[in-house]
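One structure coming up, written as structure tokens, with questions to follow.
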Amino acid sequence: MPKLFGRTYTKRQLLDRVGDISQLIHARKGRTDEGFAQGADLIEVSNASGLTFTVLPGRALDIASASYKGQPLAFRSSPGDVGPAFYDPRGFEWLRGWFGGLVTSCGMTFTGHPETDPELENEEMPLHGRLSYIPARDVSIASDWQGDDYALRIGGKMREAVVFGTNLELTREISTTLGEKCIRLSDRIENLSVDPSPLMYVYHCNPGFPLLDMGSRLVLHSQLSTEWLEDRPVEPEVYAVAKGPQRREHDDVFVHRPMADADDMVHVALVNDRLELALYWKFKRSEIPIVNQWQHFHKGTYVTGIEPGNASMLGRAWNRKHGYLEQIEPGQVRTFNMEIGILDGADEIRAFERRVKAGLVRKDRRSSTRR
């Protein structure tokens with residue numbers, strides 16, 4: 001049953017109080033026809049839980065903005081929403097159309113800085129791949145009652161294809177339930193080609209101010225964390241606490257191999273203790289074994305990246321060397337599922353951290369028993 005405004009309601013109790021359920025949860029389509037936003041289009045979702053977000057059908061059904069009770073959750077970049085027709089794959093031109101947002105999809109065959117892979121295409125791969133600029137087709141919005149719960153779903157398909165080469169199709173569903181403070185992404189990638197293909201797939205999530213601020217902390221239990229320049233191990237004191245906006249532009253990237261609980265679930269959160277607000281990510285390690293973390297605390301572009309995926313953001317060579325470069329065979333299907341949600345208040349944040357620690361302890365106990 002939905003919990004709204006301090007109490008729980010049955011389906012009947014809610015329908016007695018509204019003329020239409022869109023008063024409490026809805027998705028509305030809109031068309032963007034000015035400036036560089038032409039072709040991005042949008043689907044605006046509002047949930048009476050306080051969660052709102054915008055999905056761009058013209059940009060791989062990525063989540064371009066999100067807020068909770070009026071507080072922005074994600075960084076928004078200076079280019080804003082840019083339509084797919086303005087994509088330029090050369091060098092770092094990807095950044096001319098990067099909106100930031102809650103989720104930018106990277107892949108499907110490459111993630112990382114522009115790089116040439118002499119073992120495969122032997123041509124420069126564009127920054128973070130082509131996926132985020134691929135328009136969706138068969139876009140749908142569906143919603144229905146499931147007992148006393150009301151669920152809303154957005155779906156569509158994106159295909160990365162070239163004649164005589166790659167032919168990968170992504171089927172995406174984004175869902176939320178009335179009264180919940182979370183978004184679920186369910187992605188299915190199928191290789192429609194007769195040839196195997198590299199599969200590099202990362203959710204580039206971009207928390208921003210006010211959630212991101214000086215002292216915001218990353219909750220992440222990692223088996224191994226390394227930095228990007230020398231590939232050397234680092235401890236949490238290096239990456240776990242955010243700095244305020246800095247005068248000098250500087251980037252840090254860390255690659256985390258997260259720990260999972262007994263159910264194979266990984267839990268990550270960015271916590272702002274002053275606001276008593278946090279954003280969390282939940283996913284299976286068997287599907288998503290890497291968490292990339294990007295820190296860019298420069299004035300005017302104050303952003304961090306929490307980037308779960310099946311590969312690092314350090315390109316083909318790094319992933320091949322470390323055993324994370326996957327292949328998807330002809331006809332093979334790979335699934336990726338992730339939940340992104342809000343923790344509201346110190347009690348919810350503490351409970352989340354206790355549950356995560358308890359789950360890891362239970363797994364250790366099971367492992368010790370088996371040995």
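Being closer than 24 Å to N337 by Cβ and part of a loop (DSSP other than H, G, I, E, B), is that true of even one residue in region 77-99? Before the answer, list the steps.
Keep residues of region 77-99 that are closer than 24 Å to N337 by Cβ, which gives 99.
Okay, now just the ones that are also part of a loop (DSSP other than H, G, I, E, B), so 99.
Looking for residues that are closer than 24 Å to N337 by Cβ and part of a loop (DSSP other than H, G, I, E, B), one finds at least one in region 77-99, hence yes.
Taking the residues in region 134-181 that are small (G, A, S) and part of a loop (DSSP other than H, G, I, E, B) as candidates, determine which candidate is farthest from F86 (Cα to Cα).
Step one: filter region 134-181 for residues small (G, A, S), giving 136, 140, 142-143, 147, 151, 155-156, 161, 165, 175, 179.
When the remaining residues are screened for being part of a loop (DSSP other than H, G, I, E, B), the result is 136, 147, 165, 179.
On the way: A136: 16, G147: 44, G165: 23, G179: 37 Å.
The extreme case among them is G147.
Hey, does region 229-237 have a residue that's buried (at least 20 other Cβ atoms within 10 Å of the Cβ) and on the phi < 0 side of the Ramachandran plot? Let's see the steps before the verdict.
Kept after step one, since they are buried (at least 20 other Cβ atoms within 10 Å of the Cβ), are these residues of region 229-237: none.
No, region 229-237 contains no residue that is buried (at least 20 other Cβ atoms within 10 Å of the Cβ) and on the phi < 0 side of the Ramachandran plot.
I would also like to ask the following. Kindly indicate which of L325, L270, L277, L343 is surrounded by 19 or more Cβ atoms within 10 Å (Cβ to Cβ), under 21 Å from D231 (Cβ atoms) and at pLDDT 95 or above. Step through it out loud before you land on a result.
Details: L270 fails: under 21 Å from D231 (Cβ atoms); L277 fails: under 21 Å from D231 (Cβ atoms); L343 fails: under 21 Å from D231 (Cβ atoms).
None of the other options fit; the residue is L325.
Turning to a different aspect of this structure: Give, as residue ranges, the strands (runs of 3 or more DSSP E) completely inside region 1-70 that count at least 3 residues that are over 19 Å from G341 (Cα atoms). Walk me through it before giving the result.
Numbers: elements: 25-30, 42-47, 51-56, 62-68.
Once the strands (runs of 3 or more DSSP E) in region 1-70 are filtered for at least 3 residues that are over 19 Å from G341 (Cα atoms), what remains is 25-30.
Right, something else. (1) more than 19 Å from the chain's Cα centre (by Cα); (2) more than 23 Å from D364 (Cα to Cα); (3) modelled with pLDDT of 95 or more; (4) not in a strand (DSSP E or B): which one isn't true of D261, the others all being true?
(2)
Would you confirm whether any residue within region 75-88 is hydrophobic (A, V, I, L, M, F, W, C) and under 23 Å from C182 (Cβ atoms)? Walk me through it before giving the result.
Taking region 75-88 and keeping what is hydrophobic (A, V, I, L, M, F, W, C), we get 75, 82, 85-86.
Next, from what is left, pick out any that are under 23 Å from C182 (Cβ atoms): 75.
Among the residues of region 75-88, at least one is hydrophobic (A, V, I, L, M, F, W, C) and under 23 Å from C182 (Cβ atoms), which makes the answer yes.
Also, I was wondering about something else. Starting from residues that are under 21 Å from Y150 (Cβ atoms) and among the small types (G, A, S), keep the ones in region 161-202 and report whichever is surrounded by the fewest Cβ atoms within 10 Å (Cβ to Cβ).
Looking at residues that are under 21 Å from Y150 (Cβ atoms) and among the small types (G, A, S), I get S186.
For M200, are the conditions met, namely being modelled with pLDDT of 95 or more and within 20 Å of F283 (Cα to Cα)?
Numbers: modelled with pLDDT of 95 or more: yes; within 20 Å of F283 (Cα to Cα): yes.
Against the criterion (modelled with pLDDT of 95 or more and within 20 Å of F283 (Cα to Cα)), M200 qualifies.
Can you tell me which residues in region 40-81 are surrounded by fewer than 20 Cβ atoms within 10 Å (Cβ to Cβ) and out of contact with any strand residue (DSSP E or B) (no Cβ under 6 Å at 6 or more places or on another chain)?
K69, G70, Q71, P72, S78, P79, G80
List every residue pair whose Cβ atoms lie under 6 Å apart, where the two residues are 6 or more positions apart in sequence or sit on different chains, the first residue falls within region 317-344 and is among the hydroxyl-bearing types (S, T, Y), and the second residue, located anywhere, is at pLDDT 95 or above and in a loop (DSSP other than H, G, I, E, B).
Y324/A311
Output the residues belonging to region 268-302 that are assigned to a strand (DSSP E or B) and closer than 28 Å to T116 by Cα.
I290, V291, N292, Q293, W294, Q295, H296
Now a separate question. Of everything in region 85-113 that's touching a Lys or Arg at 6+ places or on another chain (Cβ under 8 Å) and among the aromatic types (F, W, Y), which residue is nearest to F254 (Cα to Cα)?
Taking the candidates together, the pick is F110.
Please find, within region 285-317, the residue that is farthest from L224 (Cα to Cα) out of those that are buried (at least 23 other Cβ atoms within 10 Å of the Cβ) and of a type in the set (D, E, K, R).
Out of the qualifying residues, it is R316.
Ok, one more. Taking only pairs six or more apart or across chains, which ones have beta-carbon atoms under 7 Å, a first residue in region 205-222 that is in contact (Cβ under 8 Å) with a residue 40 or more places away in the chain, and a second residue that is among the acidic types (D, E) and not in a loop (DSSP other than H, G, I, E, B)?
C205/E307; V219/E353
While we're on this one: Please specify each residue of region 232-254 satisfying the condition of being touching a residue at least 60 places away in the same chain (Cβ under 8 Å) and more than 23 Å from D344 (Cα to Cα).
Step one: of region 232-254, the residues touching a residue at least 60 places away in the same chain (Cβ under 8 Å) are 242, 253.
Within region 232-254, just V253 meets the criteria.
The values are calculated or read from the model by the stated rules, or taken from the named source; none is laboratory data. For clarity, every value in this text was computed on a predicted model and none was experimentally measured. Here the Cβ is made from the backbone with ideal geometry for all residues, glycine too, and neighbour counts use every protein chain on show.
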